[in-house]
Amino acid sequence: MAATNQSNDSISPVTTPDLPAIVLSLQSELAAVKARLDALEVKSHQTDERRQFPRLPVKVAVRLLTWRQHESPIVGEVVDLSKGGFGLFSDTVFVVESYLTVTPAYNPLGPRFEARVTSRILVGPQWRIGCEFVQHLTDKELQIFYDSDSPTNPSE
């Protein structure tokens, strides 16, 4: 069988990528992603303003138990509070959609409140946890967190 010799004319030339066009395309995509992230940040701030129950800043030490926990309670600090929920800082991370039992630390035998974890974000060395009470608190129940025996009562 005789070898055939093909002409180099049928081979297409190798093209180099247009680097400036690629860079511009990537910069455009990056700007679009940044714009979407900025829009999400604005929406998160708007969510805070549209809460059914506005959260008030507080500083209350609390004891937390997960519904399946059989060990010592976890200590956290509630930093905002309303009839509908609270935000707290903790060294422990909780699973979003998990449930917690919370009670003010100054009165560990006092009433316990059930809450669902709705958000979490690492802020420095601690976790910022957002929670929603399973049942909205009454004014009397809310006052338990502000009890005058609390060492972190915001009215002191």
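Quick note: the coordinates plus some simple rules give every number you see, no bench work behind them. Quantities reported herein were computed from a predicted structural model and do not represent experimental measurements. Counting neighbours? That spans all protein chains shown, and the Cβs are built from the backbone with ideal geometry, glycine included.
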Residues Leu137, Leu142, sorted so that the one with the fewest Cβ neighbours within 10 Å comes first:
Leu142, Leu137
If each residue of separation counts as 0.36 nm, what is the full-extension length gain between Asp147 and Arg116 once their alpha-carbon separation is subtracted?
8.8 nm
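Which of the chymotrypsin sites (Phe, Trp or Tyr not before Pro) found in the stretch 67-140 are loop residues per DSSP with 12 or fewer other Cβ atoms within 10 Å of their Cβ?
Qualifying residues, ordered by number: Trp67.
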Less than 10 Å Cβ to Cβ from Thr103, Lys/Arg counted +1 and Asp/Glu -1: what total charge do the surrounding residues give?
+2
Please give me the summed charge of the neighbours of Val75: other residues whose Cβ is under 9 Å from its Cβ, Lys and Arg +1, Asp and Glu -1.
-1
Asp91 label point, 7 Å along Cα→Cβ, cut-off 16 Å on backbone N: hits in the stretch 100-137?
123-128
Counting only residues 5 or more apart in sequence or on a different chain, those whose built amide H sits under 5 Å from that of Val62 are Gly76, Glu77, Val78, Ala105
